[in-house]
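Visitor: Supplied in C-alpha cells, the structure appears directly below.
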Amino acid sequence: MKPINEVTSIMTPLDRSNVDTDQIISKEFLKRIERTGFGKYLFYHWRFDAEGNKRDGFVLNDPRFDGSEILVARENFGCGSSREHAPWAILDYGFRVVIAPSYADIFYNNCMKNGILPIRLPEEEVEELLAKGKAEPARLAVSLAEQTVTQPDGTVRRFGIDPYWKEMLLNGWDEIALTFKYEDQISKYEEAMQRA
Amino acid sequence: MAKTIIDKIWDRHIVVGEPGKPDLLYIDLHLLHEVTSPQAFEGLRLNGRKVRRPDLCFATMDHNVPTVNRKVIKDPIARKQIRTLEENCEEFGVPLADVDHPDQGIVHVIGPELGLTQPGKTIVCGDSHTSTHGAFGALAFGIGTSEVEHVLSTQTLWQSRPKTMEIRIDGEIAPGVAAKDIILTIIAKFGTDMGTGHIVEYTGEAIRKLTMEERMTVCNMSIEAGARAGLISPDEKTVEYLRGRKYVPQGEAFDKAAEDWLSLASDQGASYDKSVSIHADEIEPFITWGTNPGMGAGISGNVPNASDFENELERESFLRAIEYMGLEEGQPFTDIEIQHVFIGSCTNARLSDLREAARVVEGRKVRGGVRAIVVPGSRTVKKQAEEEGLDKVFTEAGFEWRESGCSMCLAMNDDVVPAGERCASTSNRNFEGRQGTGARTHLMSPAMAAAAAINGRFTDVREEFAVHA
Ligand code: SF4
C-alpha cells in the first residue's frame, strides 16, 4: 500500500448523496481477477451512454477537473455492496482522497486498506466545498499528519481519524505483516478454544 | 451487568485488546465466493503466505453461475473467475461446493442450511449480505477483499467495537404481511444510513414469532439500513432449526452446544447505544418505487409528489429517481405495469419463500407479456421444492424454473432485465442498473412478486389472493 500524507489538487465536486458501490463500479466489470485496471470503468454508466459516448454534464467528463486527486460527495458515500473493486476503481482513476459527511462502514474500511484517505467533514463544510468547487475549480491542500483540509482562500478545516488507521495510512504498512507479530496470541487463543 | 448478545460474542472473540487500538477478533467461519476472493488468494501467493485455517473456510460459486444450462458459461471472463476459485480452493485446501456439488447455492442460503452458521460464531464473507447469518445470533458481517486476505492468512480481523442499536418491533404482523415488509418498512421509515457504525439487534414480539427463514430475510437487509451486521438472540426455534444439520455437533454434544447458544441471548435490561421501535400494525405489504431501498411505501399508496419533500436536495434526488424509474408523481402503485418478475436471491429464495409464492400462483397463469423466473437459493432448496411439486406449480403457471444462484439479483450472468423494462423482484437492491443497465427494479415479498406476475401490475396480495386465510 502506498503511504499517503499530503495531497494538493483540484477537487472534483460530485454533488450526489447515497452514492452506492454499484454506481462506483458496475457489476459487469467485477469479473476481473486483478486489483488494477478498474479506473476506466469508474462511474461508467454516469460517464457514458449506451453507445459509449461521454454524457454531457457529468462532473468526471468536465475537463476542468482532469487530474483531480480529491473527490467530494454527499452523505452515505459508498453504500451497498462490499465490493473492494469500488475503492480500486477510485484509486486507479487517480483519486487519493474522498471527502464526504459520512460513509458506509465497509467502504470506509476498504479505503483504508488501499491507501485512500476518506475524510469526514460536517455537512455544512461539505456543502461549502461543493458550492465553491462547482463555481470554479478549487485547489485543496490535504494533510493527514495535521488532519487538515485547506481551501484556496486559506480557510482550514480539521477532520478526525482513528489514530491506528492514521498511522497505517501514513506509513503504508502491510496490515497482515503486522498481525503476524501476534502469532503467539492467536495460537494461544486457538488452544484455549480447543479445550473449551 | 446486563449485556447484549453483541457484547457477549465480541468479548469472547478478542485475541488482542490493547487500549487505543481496534480489537483483534478471532473469526470462526469464513465464507468465500468467486467474485470477491481471487485478488485475496493472489495476495497470498505473491507474499508466499498460506491459509491459516482452511478448516474454518467454506467456498461456493453463486454470483456468476448460469441458471439455465450449468455447463455453458458464455462469458470467458466469468468462466475464468469460476475456474480461478476452483484452482485456489485446490491449492490452499479450502472446502468448496462447486457448481455440480449438491450443497451449492447462494453462500448466505447454504451457510444456515448446512449448519455452518451457528449462534455465537463470528462469521465473515466478502459480501455485504453476510448479515443474513445474524438471524441465528451470530456476529456476521461483510468484509472487503483485503480483509478476506487478512482473515485467510491470520483467521483474525482488527475491528473497533461498533455501537449497538436495538430495533424493536412490537405487536404481531397481520396475515398477508411478510418478513420482507417488516424490513422494507423499517428502512423507509428510518433511512438507509440509520445503522451506520452500529450492529443492530432486532427484538420484540413480532421478531420472536418469525420463523428462522423469516428472520434471515430481516437480517439480510440490515446492510440496506446501513448496519454491517444485524442479529437476533437465539431461542428454541434457532436450536430446532439447526438440530441434525450437516455441520452442527451431533447427539449429546449438540445439547451442550445448544445450552451455550441460548445463554448468549441478550440479558434482561441490557442497554443499547440507540433504540428505535415500530408497531407491527403500521406494516402493510410494501414495495419500493425508487433507486435505493429506502424509497418505498405500502402498496395501498402512490408514488410521492415533489411537493412532499421539503428539503431541496431530497426533492432533487426524488425527481432523478422517478425519472430513472419511468414513473409519474402521484401515480397509484397498483396502476404500474411490469414486464419481469424475479423470485430469488439470498433475501427470499428459501423453501418457505417459494411456498408463499406458489400459494399465490397455484392454478393461475402469468399475465401475457410478463417474463417470470424462479431461481431457488440453493440446490437443496431446489430439490426440496421439486419433491413438493412446487416446480410444477410454477411452470404450469408460466414461470421459468431455474438452477440456483444469484442470477437476476445482480445480473452478472445471463439473467438480465433490459433497459427501460420493469421488474418485480424479491431481491434486496434497487440501485440504478442493478438488474441490467437501465433496468427498473421494485423490491417486494415473494407473495407480492407472484401476485404481480399474475396481474401484470402491482397488486395488494391481500385483496385478490386470500393467502394466509
Ligand atoms: S443473491 Fe444478490 S445480494 Fe445475495 S449474495 Fe447474491 S448477489 Fe449478493
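Visitor: Across the range A:168-183, what is the number of residues that are in a helix (DSSP H, G or I) and more than 10 Å from every other protein chain (Cβ to nearest Cβ)?
Guide: Residues flagged as in a helix (DSSP H, G or I) and more than 10 Å from every other protein chain (Cβ to nearest Cβ) within the range A:168-183 amount to 3.
Visitor: For the range B:369-383, how many residues are under 20 Å from the mean Cα position of the chain (by Cα) and over 15 Å from B:Ala449 (Cα atoms)?
Guide: In the first step, residues of the range B:369-383 are kept if they are under 20 Å from the mean Cα position of the chain (by Cα); the result is B:373-382.
From what's left, over 15 Å from B:Ala449 (Cα atoms): B:377-382.
The total comes to 6.
Visitor: Further question: I need a count of the residues in the range B:285-300 that are of a type in the set (S, T, N, Q) and touching a Ser or Thr at 6+ places or on another chain (Cβ under 7 Å).
Guide: Going through the range B:285-300 one residue at a time, the tally reaches 1.
Visitor: Across the range B:50-81, which residue is nearest to the ligand (Cβ to nearest atom) among those that are modelled with pLDDT of 95 or more and in a helix (DSSP H, G or I)?
Guide: Checking each candidate, the answer is B:Leu56.
Visitor: Show the residue pairs that are 6+ apart or on different chains and have beta-carbon atoms under 6 Å apart, the first residue being within the range A:168-183 and free of Cβ contacts under 8 Å to residues at least 24 places away in the same chain, the second being outside any helix (DSSP H, G or I).
Guide: Close Cβ pairs (under 6 Å, with a partner that is outside any helix (DSSP H, G or I)) amount to A:Tyr182/B:Val16.
Visitor: Kindly provide the set of residues from the range B:9-35 that are more than 30 Å from B:Gln81 (Cβ to Cβ), outside any strand (DSSP E or B) and either outside the structural domain of B:Thr84 (by the TED database) or β-branched (Val, Ile, Thr) (or both), ordered by number.
Guide: B:Ile9
Visitor: So which residues in the range A:128-145 are small (Gly, Ala, Ser), outside any strand (DSSP E or B) and either in contact (Cβ under 8 Å) with a residue 24 or more places away in the chain or under 12 Å from A:Ser9 (Cα atoms) (or both), if there are any at all?
Guide: Result: A:Gly133, A:Ala138, A:Ala145.
Visitor: Scanning for something outside the structural domain of B:Ser300 (by the TED database) and either in contact with a Gly (Cβ under 7 Å, 6 or more places away or on another chain) or within 27 Å of A:Thr179 (Cα to Cα) (or both), does the range B:174-182 turn up at least one residue?
Guide: Scanning the range B:174-182, I find no residue that is outside the structural domain of B:Ser300 (by the TED database) and either in contact with a Gly (Cβ under 7 Å, 6 or more places away or on another chain) or within 27 Å of A:Thr179 (Cα to Cα) (or both), so the answer is no.
Visitor: OK, next. Which of the helices (runs of 4 or more DSSP H) found entirely inside the range A:1-110 contain at least 3 residues meeting this: open to solvent by 20 Å² or more (accessible area, probe 1.4 Å)?
Guide: Result: A:44-47, A:85-93.
Visitor: Here's a follow-up. Looking at (1) closer than 16 Å to B:Met212 by Cα; (2) open to solvent by 10 Å² or more (accessible area, probe 1.4 Å); (3) without any contact (Cβ under 8 Å) to a residue 24 or more places away in the chain, can you tell me which one B:Glu259 breaks?
Guide: (1)
Visitor: Does the range B:400-446 hold any residues that are open to solvent by less than 10 Å² (accessible area, probe 1.4 Å) and away from the ligand (no atom under 15 Å from the Cβ), and which are they?
Guide: B:Ala424, B:His442, B:Met444, B:Ser445
Visitor: Can you pull out every residue in the range B:33-49 that is within 16 Å of the ligand (Cβ to nearest atom) and touching a Phe, Trp or Tyr at 6+ places or on another chain (Cβ under 7 Å)?
Guide: If the condition is that a residue be within 16 Å of the ligand (Cβ to nearest atom) and touching a Phe, Trp or Tyr at 6+ places or on another chain (Cβ under 7 Å), then no residue fits.
Visitor: Which of the residues spanning the range B:202-256 are in contact with a helix residue (DSSP H, G or I) (Cβ under 8 Å, 6 or more places away or on another chain) and within 14 Å of chain A (Cβ to nearest Cβ)?
Guide: Of everything in the range B:202-256, those that are in contact with a helix residue (DSSP H, G or I) (Cβ under 8 Å, 6 or more places away or on another chain) and within 14 Å of chain A (Cβ to nearest Cβ) turn out to be B:Asn220, B:Met221, B:Ser222, B:Ile223, B:Glu224, B:Ala225, B:Gly226, B:Ala227, B:Arg228, B:Ala229, B:Gly230, B:Pro249.
Visitor: Using beta carbons and a limit of 6 Å, which pairs, at least six apart or on different chains, have the first residue in the range B:122-142 and away from chain A (no Cβ under 14 Å) and the second one small (Gly, Ala, Ser) and in a helix (DSSP H, G or I)?
Guide: Sorted first by the residue in the range B:122-142, then by its partner, the pairs are B:His133/B:Gly111.
Visitor: Of all residues in the range B:37-47, how many are outside any helix (DSSP H, G or I) and at pLDDT 95 or above?
Guide: Counting residues in the range B:37-47 that are outside any helix (DSSP H, G or I) and at pLDDT 95 or above gives 1.
Visitor: Also, quick follow-up: Given the criteria more than 14 Å from every other protein chain (Cβ to nearest Cβ) and open to solvent by 50 Å² or more (accessible area, probe 1.4 Å), does B:Val94 qualify? First the steps, then the outcome.
Guide: Values: more than 14 Å from every other protein chain (Cβ to nearest Cβ): yes; open to solvent by 50 Å² or more (accessible area, probe 1.4 Å): no.
No, not satisfied.
Matching residues to (1) within 16 Å of the ligand (Cβ to nearest atom); (2) in a loop (DSSP other than H, G, I, E, B); (3) within 14 Å of another protein chain (Cβ to nearest Cβ); (4) surrounded by fewer than 22 Cβ atoms within 10 Å (Cβ to Cβ):
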position: B:Val360; (1), (2), (3), (4): no, no, no, no
position: B:Lys365; (1), (2), (3), (4): no, yes, no, yes
position: B:Ala372; (1), (2), (3), (4): no, no, no, no
position: B:Val381; (1), (2), (3), (4): yes, no, no, no
position: B:Val393; (1), (2), (3), (4): no, no, no, no
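Visitor: When only residues in the range A:125-135 that are surrounded by fewer than 20 Cβ atoms within 10 Å (Cβ to Cβ) and within 13 Å of chain B (Cβ to nearest Cβ) count, which is nearest to the chain's Cα centre (by Cα)?
Guide: Once the filter is applied, the top-ranked residue is A:Leu130.
Visitor: Next question. Looking at the structure I just gave you, is B:Thr334 hydroxyl-bearing (Ser, Thr, Tyr) and open to solvent by less than 10 Å² (accessible area, probe 1.4 Å)? Can you show your working first?
Guide: Values: hydroxyl-bearing (Ser, Thr, Tyr): yes; open to solvent by less than 10 Å² (accessible area, probe 1.4 Å): no.
In short, no.
The values are calculated or read from the model by the stated rules, or taken from the named source; none is laboratory data. Nothing here was measured: the structure is a model prediction, and the numbers come from that model. For neighbour counting, all protein chains shown are included, and Cβ atoms are generated from backbone atoms with ideal geometry for every residue, glycine included. All accessible areas refer to the heavy atoms of the entire protein, side chains included, with ligands and DNA or RNA removed. Shrake-Rupley method; radii C 1.70, N 1.55, O 1.52, S 1.80 Å.
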